[in-house]
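I have placed the structure first, in the form of structure tokens, so that the comments after it can refer back to it.
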Amino acid sequence: MKKIPGLLLLQLTVVFAFAQPGNKTVSIIPEPVSLVLQSGYFKLPVNISIDVKGDKEVNYIASSLAKQISTATGCKVAIGNKNGTSNIRLLINSSPDKTIGDEGYRLDVAPQNVIIKANKPAGIFYGVQTLLQLLPAEIEGGKLAKNVQWEAPCVSVTDYPRFGWRGLMLDVSRHFFTKQQVKEFIDEMVKYKYNLLHWHLTDDEGWRIEIKSLPRLTSVGAWNAKRVGYFGTFSVPSPGEPRNYGGFYTQDDIKEVVQYAKERYVNILPEVDVPGHSLAAITAYPELSCSNGADNHGVSSGEEIKDWSTHKALVDDNLCPANENVYAFLDKVVTEVAQLFPFEYIHMGGDETFKTYWEKSDAVKALMQKENLKSMEEVQSYFSKRVEKIVESKGKKFMGWDEILEGGLAPNAVVMSWRGMKGGIEAAKMGHQVVMTPTTYCYIDYMQGDPIVEPHVYATLRLNTAYSFEPVPDGVDEKYIKGGQANLWTEQIYNTRHLQYMVWPRSLATAESLWSPKEKKNWDDFARRVEAQFSRMDAGQVKYARTMFDPIFTAVKDGSVSDSLRIELSTEVKGLDIYYSFDNSHPDNFYPKYTGPLTVPKEAVMLKAIAYRNGKPIGRQLDMPVNELRRRAGLKLLKLKSEE
Ligand code: ACM
């Protein structure tokens, strides 16, 4: 045998040790702080025992895990203390492990057993989410899956979140989602270690929470006339038209959802959006506006109630800051909200308060004189400060959208920065706590692909842009940034399938920005892991968008040739082949492959393109009219014979 020099032997050993487990890939989202692949697999035995060391919360986690495993695998799963011989062990540390904090965990998957250790049950819960992501996708199916190799690769994971506030906002006002649908939303979010549901409960289109002392809020304010199509353009309901579309949560429903969320380590932040966005409340109680409900034709069904270009209100949807009854009203609302939601914060809105009717109001003018308020922004600030006092009088903390900065921030307010990061930066510099949720990265109601195929919304946020969300801006002390969230406004979302399509996969991106270490973020690897999550969502029958595989069309005016168009094609994901046609037929991998900028053949009217990987179609075919590309490039449109 040839003698191998010592150093080479060492190198070979290292390569071997790395290469062996390296044959396996794991695809956890959000990426753990540290994950080391070990050799071997933990194969689920036919009889599984889960050993629990902790309180009844850990028992509950164990029984949920047992149920999920036995349903999908058909294995028998028992819970109990088997003196350390169990296959799966969920253990609360007897002395605190400082590295991992309250939500972190250590997970060791070895050939013989799986051990999850944490300081608190929340950490065990997150360790279980990671373990589930190591098991085959069918574990998410909710039914017995046959012919599956039930095993998890051996790993050692140490993991804990970067931020304590990892939120998703759900607007249930524009379209109502039932308590069961909200629970399902929670089920999906916790898989990716979200811990906060921001529940947008009131808006112009519906008041969704029962307030026992103000019954008209839901008997009147929860109902509009059903419309489908383009929200914001709908006709005003005719006088006799039934208003039977909508709904609300009873206080028992709210308690049930709060409890459900708590069992999954999710806090619920209730939002009551005032003083603007209050048409539902004003329809119920017109005297709460300064104009006694001027121009109001009822709870909005999605008709045009605001002119967004001039910021003029077309109907009065603002509470009146100069009416003491408004503060008495809010006191009643906040009293009941505070009793229903254990979370320490109440969000009181504050966004997009168009001041049209305040400007015309004698009562507001008198208030300005009395309180020495110089502008409408100061009027709103006066209102916010009074609302903050109401919230604090119920033992809660006040937060609002970044408009609450205008005219002077209430003393203890937490700011939710949505119009970019600048509101958050300003608030943090003033020593206020901030939650970052800028439209630029976090508005998942925006389209995620090309407008020619996506249901129309006024802006686009692609997955890779969502992934580049960094919650802590340069020059801001991280201690002021509580975290962030993605926001799902539902003006254009009429059902839960489309809701899921909008949430996933962009909320995977936000989850990773909020949980994983900044330096571990990597778009290419994330895109790979997203694909693995798609299989899990398929198994769980959760809808998601595959827009990251769509061809992206970039149209530019070619400066060198007058009236000429240059078209570039790309995809968000690397390593794909794009095939295209200009002859109206459907391209496949026998068609021209895109290799560089295209010019349009004479008289061609349509560019069709589709992405492939390894000879197989992976994305959708997009059919792009040449005239649409010309419009985007600022070129004159072609006159088409076919359109004459
Ligand atoms: C908002 O998007 N109006 C907060």
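The values are calculated or read from the model by the stated rules, or taken from the named source; none is laboratory data. It should be emphasised that the depicted structure is a prediction, and the values quoted were computed from it without experimental measurement. All Cβ positions, glycine included, derive from the backbone under ideal geometry; neighbour counts span all protein chains shown. Accessible surface is based on the protein model in full, side chains and every heavy atom, while ligands, DNA and RNA are left aside. Shrake-Rupley method; radii C 1.70, N 1.55, O 1.52, S 1.80 Å.
Remark: pairs (first residue in the range 208-220, within 18 Å of TYR327 (Cα to Cα); second residue among the charged types (D, E, K, R) and crowded, with 17+ Cβ neighbours inside 10 Å; Cβ separation under 8 Å; 6+ apart in sequence or on different chains) = ILE211/GLU336; LYS212/GLU336; SER213/GLU336; LEU217/GLU210.
Under the condition of being in contact with a Ser or Thr (Cβ under 8 Å, 6 or more places away or on another chain), within 16 Å of the ligand (Cβ to nearest atom) and not charged (D, E, K, R), the residues counted in the range 317-348 number 2. Of all residues in the range 304-316, one or more are open to solvent by less than 10 Å² (accessible area, probe 1.4 Å), more than 16 Å from the ligand (Cβ to nearest atom), in contact with an Asp or Glu (Cβ under 7 Å, 6 or more places away or on another chain) and assigned to a loop (DSSP other than H, G, I, E, B).
Given the condition in contact with a strand residue (DSSP E or B) (Cβ under 9 Å, 6 or more places away or on another chain) and at pLDDT 95 or above, answer yes or no: does some residue in the range 14-24 qualify? Checked against the condition, which is being in contact with a strand residue (DSSP E or B) (Cβ under 9 Å, 6 or more places away or on another chain) and at pLDDT 95 or above, the range 14-24 yields no hits at all. Name every residue in the range 102-155 that is basic (Lys, Arg) and assigned to a loop (DSSP other than H, G, I, E, B), in order of residue number. Within the range 102-155, LYS120, LYS143, LYS146 meet the criteria. Among the residues of the range 384-405, those that are in a helix (DSSP H, G or I) and either open to solvent by less than 60 Å² (accessible area, probe 1.4 Å) or within 15 Å of the ligand (Cβ to nearest atom) (or both) comprise SER384, VAL387, GLU388, ILE390, VAL391, ASP402, GLU403, ILE404, LEU405. Does the range 504-521 contain any residue that is in contact (Cβ under 8 Å) with a residue 40 or more places away in the chain, open to solvent by 10 Å² or more (accessible area, probe 1.4 Å) and at positive phi? Within the range 504-521, none of the residues are in contact (Cβ under 8 Å) with a residue 40 or more places away in the chain, open to solvent by 10 Å² or more (accessible area, probe 1.4 Å) and at positive phi.
This table checks each residue for (1) closer than 11 Å to ASP550 by Cα; (2) at pLDDT 95 or above.
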{"site": "PRO597", "(1), (2)": "no, yes"}
{"site": "MET606", "(1), (2)": "no, yes"}
{"site": "ALA609", "(1), (2)": "yes, yes"}
{"site": "ARG613", "(1), (2)": "no, yes"}
{"site": "PRO617", "(1), (2)": "yes, yes"}
{"site": "GLN621", "(1), (2)": "yes, yes"}
{"site": "VAL626", "(1), (2)": "no, yes"}
{"site": "LEU629", "(1), (2)": "no, yes"}
{"site": "GLY634", "(1), (2)": "no, no"}
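Does ASP550 count as closer than 24 Å to SER468 by Cα and of a type in the set (D, E, K, R)? The answer is yes for ASP550.
Matching residues to (1) closer than 21 Å to LEU629 by Cα; (2) assigned to a strand (DSSP E or B):
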{"site": "GLN533", "(1), (2)": "no, no"}
{"site": "GLN541", "(1), (2)": "no, no"}
{"site": "MET548", "(1), (2)": "yes, no"}
{"site": "THR554", "(1), (2)": "yes, yes"}
{"site": "PHE590", "(1), (2)": "no, no"}
{"site": "LEU607", "(1), (2)": "yes, yes"}
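Taking (1) within 30 Å of GLU103 (Cα to Cα); (2) open to solvent by 40 Å² or more (accessible area, probe 1.4 Å); (3) touching a strand residue (DSSP E or B) at 6+ places or on another chain (Cβ under 9 Å) in turn, ARG566 satisfies each apart from (1).
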